[in-house]
Amino acid sequence: MFFRVKQSQNRKYLQIVENRREGGKVKQRVIGTVGRLDRLEGAGQLESLLESGARLTESILLINAHQQGEAPVLSTKRIGAVKIFERLWSETGCRQAIQDLLTDRKFDFPLERAIFLTVLHRVLAPGSDRSAERWREDYAIDGMDGLELHHLYRAMMWLGEEIPDQAGSTGFSPRCVKDLIEEALFARRRDLFSELEMVFFDTTSLYFEGEGGETIGQRGYSKDHRPDLKQMVVGAVLDESGRPVCCELWPGSTTDVKTLLPLADRLSRRFGVQRACLVADRGMISQETIDELERRHWPYILGARMRKQKEVSKNVLSRAGRYHEVREPGQDPKGRAPLKVKQVMVDQRRYIVCLNEAQAKKDAADREAIVAALQEQLKKGDKSRVGNRGYRQYLKTGDGPHFEIDQEKIKAEARYDGKWVLRANTDLSASDVALKYKQLWQVESLFRDTKSLLETRPIFHQRDDTIRGHVFCSFLALILRKALLERLDDGDDPIEWQDLLRDLESLQHVDVAHQGKRFRLRTEARGCSGRVFQRVGVALPPTVQQIKEASLAS
């Protein structure tokens with residue numbers, strides 16, 4: 001590719017031309033005409049144009065040399081995800097919150113960098129801290145020089161370290177450094193956004209392959225269906241926009257009904273929250289809990305146990321009443337609303353019955369399929385059916401030693417098709433109560449993400465403080481993830497999270513040697529990575545840049 005001056009009558013034009021081979025012969029093709037030569041010279045643009053053309057040509061020759069294996073590769077590092085999450089690490093306040101707490105502490109290694117490395121590892125390739133120490137070798141992360149595995153362990157220990165001020169702690173949840181970070185992040189967010197008016201809370205269990213620390217690892221009800229192993233209970237609090245507020249880390253024997261009141265206390269003492277509406281699943285509900293929330297005048301929206309609470313199963317669900325359609329914001333007003341609600345009052349206690357007709361049809365069809373299969377199996381013999389839970393709930397003892405289908409049970413189960421019941425004391429309308437409770441599914445989605453972030457469990461940690469730090473890093477990873485998704489929520493086609501990570505991971509810089517000089521090449525920005533860089537406000541590195549000797553290690 002080169003510049004050429006083309007004579008046309010009495011004028012000269014500057015053209016960009018390339019040589020290409022066709023049919024064994026070299027032919028020239030005009031890429032474009034830059035303009036009249038006399039006008040370019042008169043405007044003083046010719047010299048700068050030729051200089052930029054020379055630089056472009058040098059870059060193209062360098063890239064071609066690299067592609068043909070003529071420029072030795074010195075190193076290759078992934079840069080896409082690092083640049084995006086480094087920016088979010090700063091913009092969310094995570095970096096500053098950690099650095100502020102380190103003002104009076106002296107560590108012989110960059111502790112904030114060790115935490116960022118662990119958090120980035122959770123976002124991109126969830127695993128143990130041991131694997132993070134090896135994994136980082138493929139990434140261009142600033143400040144990693146000298147970091148070793150024991151530094152990562154010490155960073156986790158610092159995050160989970162109990163602090164002198166234990167005001168606001170509970171008997172099973174001490175105040176730690178990670179609490180101070182959460183409080184600093186919340187204070188910063190309170191300055192940027194409105195006051196916290198509603199919080200969503202749910203818990204999950206996380207089992208250990210090893211002992212699970214000194215006290216935090218205990219046996220209890222396992223949501224992972226691993227009652228044979230010790231576990232811990234992880235609680236997450238989200239605000240109305242789905243942003244993580246804090247995480248609570250409790251011993252594995254802690255039951256859900258014992259968590260809601262301590263959470264309310266902690267929200268008041270830690271964040272100054274006095275009237276935020278608590279939204280929680282039916283596992284949190286007990287009469288003692290509700291009575292105490294009422295005494296404290298805490299507004300709440302709680303899932304009710306339809307089958308286990310007699311007041312719900314006997315009174316609430318049997319009450320006649322007209323359902324009202326509920327439409328979410330942006331939903332087609334002419335389309336069929338997927339959700340219907342009605343309010344039922346029982347001695348001043350407020351219940352909201354929610355009905356999803358599509359789910360009701362599915363529940364009925366699933367039950368019919370089970371009963372049909374059960375009828376076929378009973379013809380072959382009934383012993384094996386007793387051990388099948390799906391079958392057993394619809395069986396009863398008949399004449400003699402055999403079982404028969406319980407028609408009354410089938411009829412009773414039909415009352416619950418597509419329904420769920422809420423207990424609330426807020427001033428919100430029944431429709432708004434139902435829609436707010438549906439947002440609780442954000443927390444359930446968060447826990448699914450947490451499970452994947454923690455799919456390699458903290459089996460190498462033997463102390464409570466390092467375990468708390470390990471889990472908290474996953475919480476910080478969720479903060480970064482939410483921050484990125486908010487920036488991409490612009491009405492364009494949604495991006496699948498795994499596709500987003502794959503495209504960011506494909507962006508690399510390659511250091512090469514060519515003609516006695518050293519250069520850094522950036523690979524192509526594939527898929528959605530260019531859009532991600534634009535939305536986060538990070539400039540893509542240049543395609544080619546010359547680097548000095550001191551820059552090679554970065």
Check your understanding: Which of the aspartates and glutamates could a cross-linker bridge to LYS314, judged by Cα under 18 Å and excluding same-chain residues fewer than eight apart?
Key -> ASP347, GLU408, GLU413, ASP417
Study note, to complete from the structure: One finds, for SER222 and THR523 with R0 = 35 angstrom and r their Cβ-Cβ distance, a FRET efficiency to the nearest 0.05 of 0.20
Study note, to complete from the structure: Share of accessible surface on carbon and sulfur in segment 135-241, whole %, 1.4 Å probe and ligands ignored, is 49
Study note, to complete from the structure: Of all GluC sites (Glu not before Pro) in segment 459-538, the ones in DSSP coil with at most 14 other Cβ atoms within 10 Å are GLU496, GLU524
Check your understanding: Taking the highest mean first, how do the peptides 473-479, 297-303, 542-548 order by number of other beta carbon atoms within 10 angstrom per residue?
Key -> 473-479, 297-303, 542-548
Review point. Which semi-axes, in whole Å and largest first, does the equivalent ellipsoid of segment 254-378 have when worked out from the alpha carbon gyration tensor as the square roots of 5 times its eigenvalues?
Key: 33, 21, 16
Review point. For segment 188-307, what is the charge dipole size about the Cα centre, in debye to the nearest 20, if Lys and Arg each add +1 at the Cβ and Asp and Glu each add -1 at the Cβ?
Key: 120
Review point. Say each of GLU294 and ARG502 gets a label point 7 Å from the Cα, pointing the same way as Cα to Cβ; how far apart are those two points in nm?
Key: 5.4
Exercise for review: At most 13 other Cβ atoms within 10 Å and a DSSP loop assignment: could you name the trypsin sites (Lys or Arg not before Pro) in segment 104-139 that fit?
Suggested key: ARG105, LYS106
Study note, to complete from the structure: Amide H proximity to LYS223 below 5 Å, modelled H, separation 5+ or other chain, gives SER205
Check your understanding: Per-residue HN-Hα couplings for segment 466-476, Karplus 6.51 cos²θ - 1.76 cosθ + 1.60 at θ = phi - 60°, whole Hz, x for Gly and Pro?
Key -> 5, 5, 4, x, 4, 5, 5, 4, 5, 5, 5
Exercise for review: Please provide three numbers in whole Å: the alpha-carbon extents of segment 174-224 along the principal axes, with the largest listed first.
Suggested key: 42, 23, 16
Exercise for review: Can you bin segment 179-303 into rounded, prolate or oblate? Criterion: square roots of the alpha carbon gyration tensor eigenvalues sorted a ≥ b ≥ c, rounded for a/c under 1.5, prolate for a/b above b/c, oblate for the rest.
Suggested key: oblate
Review point. For segment 258-351, what % of the accessible area comes from carbon and sulfur atoms, probe 1.4 Å?
Key: 44
Point to revise | Long-range HN-HN contacts of CYS277 with modeled amide H, under 5 Å | key: MET198, VAL199
Revision key, fill the gap. Spelling it out for LYS12: with amide H atoms placed in the peptide plane at 1.01 Å from N, the residues 5 or more places away or on another chain with amide H under 5 Å from its amide H are LEU37, ASP38
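The values are calculated or read from the model by the stated rules, or taken from the named source; none is laboratory data. Fair warning: this is a prediction, and the values are worked out from it, not measured in the lab. Glycine also receives a Cβ, built like all others from the backbone with ideal geometry; neighbour counts cover every protein chain displayed. Heads up: the accessible areas ignore ligands, DNA and RNA and are worked out on the full protein's heavy atoms, side chains in. Shrake-Rupley method; radii C 1.70, N 1.55, O 1.52, S 1.80 Å.
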